[in-house]
Amino acid sequence: MGTRLYLRRVMCNSTAPPGTVSLTDEEKQRTIISLQGGKIFGSYSTNDVLFVDGVDGSDDALKSPKYISRVHAFVDHTVDDDNFEQYFLYDFSEYGTYINDKKLGITEKHTLLPRELIKFGHPNGSQNVAGGTYGQPNAEFAFIVEMVSDRDPLYEELGKMGATKVKVLSGSAVTRVMTGDTREPSPSTFENISFPSIPKRARHDLPFDDAFLCYFLANRYNDKYRDAIVAQSTKFLMREPTLRVADDYLGSFLNVHVAHKDMKSKQQKITVIENFCKANRYREGIEKLHSQMDLLADLLVEDEEETDRIRDLLVELSAQPKIGRCTNCQSNINRHDL
C-alpha cells in the first residue's frame, strides 16, 4: 500500500487543528499543502510556499512576517525503486523550525512522520538553542503532518497539487494559489541526496553562502544548471577514468559542492567530500566516492574557475541584481533576513 504525507494548516493551537471546523469542504482542502516534488518555505517571492503577514485582501498581505526567513526551510521528497515515499525537513532560518516544539539545528535532516506538529519561526528563535523545547501555542505558521493511503482520492490529488505554489497568510486558515507560477517536481538525478552543512561567514560579514543558498535552492532543478553539472561530471570522468566507480554519486556530489564557495583549498575540498559521504553513509556504494577523495579534490581545485561560472549561472537564473542584494529593497541582505 502506498502512502503520502502532506501538511494541514493549524490556527493558533499547539496540539490540534481547530479553526477549520467552520470552513466549507472547498476551504478545508485549501488548508492542505502538498509536499510532492519537494517544497521551499519562506518569505522569498520565488518559494514554493510563501509566508506573508495579514489576512486575505488586506494591505498587510504583501508584508514579510517578522520571524520568517527568506529561505526558511526545505522539504526534500524522495521515492525509491519500490515507490516508497519519504519526506525530509531541513531548517535554514534565523528564528528556527520546530517539530513538536523542539527546535531543529541548522541544515539538520529530520524525517517527517504523521501527526508531527511543525511550526515555522519563533519570537525568541534567534536565542533558542537547537534541540531545546520552546512552546508557542499561538504560532502564526503551524502545520500538522498527515498521511493518506493510495486508496484515498486525496492521494492522487496531492500529486496534481505538487507543482503548485501557494501563499500562506498569517490571519487566514486557507492558502491562496499563486497562479501561473509553478515548477516541475524534483528530477530523479538529485532527489535522493543528503545535504551536509553549508558553512557560514561571521555574523558581521556579508554572508555570501546564506544569500547564495537562496539561489541554489531556487534553481537546482533548472535545466541549464543541471546541464552544467552534468557537463562538469562528464569532464571529470573523461579526465580520470578511475572516477567511474563513483559515477552514481559524482553528479549528486557536484550539485552540493557548488554551494561551498569559500572552500577553495584541497583540504577544504576533502572536508566537503567527507561531509557528503558521511551524510549519505547509509546509501549503497557511497564508499566508492570516498575512496576517490584525494583524486576528486585535486580535480575540484583545478576546475574551480568552472565551478565559479556555474555559481554565476545560478545567480543569473535567479534574476537577482547581485549576490547579497535584495530585489525589493536593493539593500544588503543581513543574516537576520535569511
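Cβ-Cβ contacts under 7 Å between residues 6 or more apart (or on different chains), taken from a first residue in segment 252-273 that is of a type in the set (S, T, N, Q) to a second residue that is in a loop (DSSP other than H, G, I, E, B), are listed as Ser252/Phe190; Ser252/Ile193; Asn255/Phe190; Asn255/Ile193; Asn255/Arg220; Thr271/Met263. Here the condition is being modelled with pLDDT under 85 and closer than 16 Å to Lys167 by Cα; of Asp48, Asp59, it holds for Asp59 alone. Residues in segment 1-29 that are at pLDDT 70 or above and part of a loop (DSSP other than H, G, I, E, B) were compared, and the one that is farthest from Glu146 (Cα to Cα) is Met11. Per this entry, Lys39 is counted among residues that are modelled with pLDDT of 55 or more and either under 16 Å from Phe120 (Cα atoms) or of a type in the set (Ser, Thr, Tyr) (or both).
For segment 91-109, taking the residues that are among the aromatic types (Phe, Trp, Tyr) and closer than 19 Å to Asn138 by Cα, the one that is surrounded by the fewest Cβ atoms within 10 Å (Cβ to Cβ) is identified as Tyr95. Taking the conditions (1) modelled with pLDDT of 90 or more; (2) over 18 Å from the mean Cα position of the chain (by Cα) in turn, Ala173 satisfies each one other than (1).
Residue-level check: of (1) more than 20 Å from Ser34 (Cβ to Cβ); (2) more than 15 Å from the chain's Cα centre (by Cα), Lys119 misses just (1).
The values are calculated or read from the model by the stated rules, or taken from the named source; none is laboratory data. It should be emphasised that the depicted structure is a prediction, and the values quoted were computed from it without experimental measurement. Here Cβ is always computed from backbone atoms with ideal geometry, including for glycine, and neighbour counts include all displayed protein chains.
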